[in-house]
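Peer 1: Questions regarding the structure given below will be posed in turn.
The values are calculated or read from the model by the stated rules, or taken from the named source; none is laboratory data. In this text, all values refer to a predicted model and were calculated from it rather than measured experimentally. Using ideal geometry, Cβ is built from the backbone for each residue, glycine included, and neighbour counts are taken over all protein chains shown.
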């Protein structure tokens, strides 16, 4: 079992936030043999792969115990929206929402190179906004219901991104992700895993 813990001085501020608002800010993605989300595909884009699992459970707040059958835990904090424009903060697809939450999801942990963190804040913001995947959301009726970027508290990944979308929007989501991977920002990514999931039976 690989339980990923926080050891990075670079994320000291994130740990402080976790202590202040643990329930609101801290999320744990528990990969194992049970959970609310069933894994349909786990691929490695760059770097070392994650251990294969059949399910992922999302637990908000600190973990009191590690569930049986756990292979890994990605723990992260909700990041603020300093890289997102005011237009991109607006809810997406509000008018097309149905009575039930989306049934498909993608969990994408990434690790960026030291060169990325050596860039100034303004330079990183410019790169992320130049070809942000969020721009594509304006042209999709109800694809992503929830965009959450989280710092992963570990040395293995420095970001965890969670997407939810409907099955009919799977192709559009793949196109959006392809644009993201073709961006200048992605040149700094040295490790990436792509975990696709479907909501388990109610």
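Peer 1: Take the residues in segment 145-158 that are over 13 Å from residue 47 (Cβ atoms) and at pLDDT 70 or above, then tell me which one is surrounded by the fewest Cβ atoms within 10 Å (Cβ to Cβ). So that I can check it myself, show each step before the final result.
Peer 2: Residues of segment 145-158 over 13 Å from residue 47 (Cβ atoms): 145-154.
Next cut, at pLDDT 70 or above only: 150-152.
Details: 150: 22, 151: 24, 152: 25.
Taking the candidates together, the pick is 150.
Peer 1: Taking the options 111, 140, 119, name whichever one is surrounded by 15 or more Cβ atoms within 10 Å (Cβ to Cβ) and modelled with pLDDT of 55 or more.
Peer 2: 111
Peer 1: Filter segment 84-108 down to the residues that are buried (at least 18 other Cβ atoms within 10 Å of the Cβ) and at pLDDT 60 or above and list them by number.
Peer 2: Within segment 84-108, 102, 104, 105, 106, 107, 108 meet the criteria.
Peer 1: Within segment 114-131, count every residue that is over 17 Å from residue 161 (Cα atoms) and not in a helix (DSSP H, G or I).
Peer 2: So the count comes out to 2.
Peer 1: Follow-up. Against the condition under 17 Å from the mean Cα position of the chain (by Cα), surrounded by fewer than 16 Cβ atoms within 10 Å (Cβ to Cβ), modelled with pLDDT of 85 or more and in a strand (DSSP E or B), how does residue 198 come out, does it pass? Break it down into steps so the answer makes sense when it comes.
Peer 2: Details: under 17 Å from the mean Cα position of the chain (by Cα): yes; surrounded by fewer than 16 Cβ atoms within 10 Å (Cβ to Cβ): yes; modelled with pLDDT of 85 or more: yes; in a strand (DSSP E or B): yes.
The answer is yes for residue 198.
Peer 1: A follow-up question, please. Being touching a residue at least 40 places away in the same chain (Cβ under 8 Å), closer than 17 Å to residue 158 by Cβ and in contact with a strand residue (DSSP E or B) (Cβ under 7 Å, 6 or more places away or on another chain) is the requirement here; does residue 31 meet it? Break it down into steps so the answer makes sense when it comes.
Peer 2: Working: touching a residue at least 40 places away in the same chain (Cβ under 8 Å): yes; closer than 17 Å to residue 158 by Cβ: no; in contact with a strand residue (DSSP E or B) (Cβ under 7 Å, 6 or more places away or on another chain): yes.
Taking the combined requirement at face value, the residue does not satisfy it.
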